[in-house]
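What follows is calculated from the coordinates using simple rules that are stated; it is not laboratory data. Keep in mind the model is a prediction, meaning the values are calculated, not measured. FYI the Cβ positions are ideal-geometry reconstructions off the backbone, even for glycines, and counts take in every protein chain you see.
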Amino acid sequence: MSLRTDPLAPIDLRSDFLARPDAAMNEAAAAARADARYFGLREDPWQRRLEARLAELTGQEDALVFPTCSMANTTALMLAAPPGSGVLTQPGAHVLVSEAHAGAALGGLALSAVDGRHDGGSDAMPALSAWRQALAGTVDAQRPAVRLCVLENTHNRSGGVPLTVAYTAAVVALARERGVALHLDGARLLYAARALGVAPRALCGGFDTVSVSLNKTLGAPVAAALAGPADRIERALTLRQRLGGGLRPTGTACAEALAGLDGLADLDQPLALARRLAAGLAQCPGLRVLAPDTLSNLVMVELAHDDAASGAVARMAGRGLLALAMDGRRIRFALYRGITPDQIERGLAIVRAAINPP
């Protein structure tokens, strides 16, 4: 697939929701635009086709489209656990640090991170012993019972680390032993599956609900979906409406997203470019690439010196490369459909000049 780029425009690697729809997606949207408009919340046939496709892709019974993946996650949390419940997730997980504490504010849930690094784990994949210990914590009148575990795949703040089938299955088994529900924040599930060479549903086994982002992977105008059992998705429809997410009309956007799912092989190019970018950044003095052996489409670097990431990002932007400053000294680069090899090479030259100016 070839997408035209403006050689004078900045190279924008701030987020993969900047991905561009391909020609087939544009054609599908144009064809659906002539269809009738539908009033019901799940009446549009293009929406129902997309939801059925996503349910099949994740190995779930049903799915429902959402305007954002954050809203899909919040709905999943509220479906799984009553107010006052404990929720366990990875350190730095999106539901913990990037959703304005929606689980707590709207669901009354107590979210906390499992820190298993002292046992040889990582933020993306805390040691199984840490999960076991956290799930076996004491419950009394002063401490909430853990009712839900959330895994994020890929793990954004670790540099897009994809969680393996084996690790995911092990956490699922530990939670099930304790009768604890599970939600998969699969915002970048499709990238995780391509990076690991497995079907998406292989990473979804045992979860009660799975969220999927469609704008980050496909550049689709329908941003996300939540998949799960039919009765839970029926309840999700009410919660989505309560949160203001009742989308209408949906046909054109859903037709475009549906066509995009036919082009998942196109995700291999961003994955290859991420590897090239990581290799080049690893040669840049003053930078350390996080998780270089477990990349997906995100590349995270840490500045070796006490140079704030925001300053380095500003210098890059002044030279024509846009990246995202994370916490402290970390910078994230997101690869997506539409970025070219030439842009990566130019971007590497900009990083070298910005990090180590003459």
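At-a-glance table
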read-out	value
Cubic angstrom per residue, convex hull over Cα atoms of segment 1-94	192 Å³
Interchain or long-range residues, amide H under 5 Å from T294's placed H	none
Rounded Å value of the spacing that divides the Cα centres of segment 65-85 and segment 274-315	33 Å
Most mobile of A278, A173, A192 in a GNM of the chain (Cα contacts under 10 Å)	A173
3J(HN,Hα) from dihedral phi, segment 322-332, Karplus parametrisation 6.51/-1.76/1.60, rounded to Hz, x for glycine, proline	9, 9, 10, 6, 9, 6, x, 9, 9, 10, 10
Amide hydrogen neighbours beyond the local backbone of L324, cut-off 5 Å, H modeled	R332
For segment 196-312, convex hull volume per residue from C-alpha positions, Å³	172 Å³
Ranked packing of 148-154, 248-254, most packed first, by mean Cβ within 10 Å	148-154, 248-254
The chain, relative contact order [Cα under 8 Å, separation at least 6], %	25 percent
Test item: Cα-centred dipole of the chain, Lys/Arg +1 and Asp/Glu -1 on Cβ, debye	340 debye
Reference-scaled alpha-carbon Rg (2.2 N^0.38 Å with N residues) for the chain	1.00
GNM top mover of Y167, Y336, Y191 - the chain, alpha-carbon springs below 10 Å	Y167
Note, ³J(HN,Hα) from phi for segment 59-76, Karplus 6.51, -1.76, 1.60, rounded to Hz, x at Gly and Pro	x, 10, 7, 8, 8, 9, 6, 9, x, 9, 6, 4, 5, 5, 5, 4, 4, 4
Spherically averaged projected area of segment 110-245 from its Cα convex hull (nm²)	9.7 nm²
GNM top mover of D266, D231, D208 - the chain, alpha-carbon springs below 10 Å	D231
Karplus-derived 3J(HN,Hα), 6.51/-1.76/1.60, for each residue of segment 85-98, Hz, glycine and proline x	7, x, 10, 9, 8, 7, x, x, 5, 4, 5, 8, 10, 10
Antiparallel bridges, percent of DSSP beta bridges restricted to segment 136-226 (to nearest 5)	35 percent
All Cα pairs of segment 26-81, percent lying beyond 14 Å	67 percent
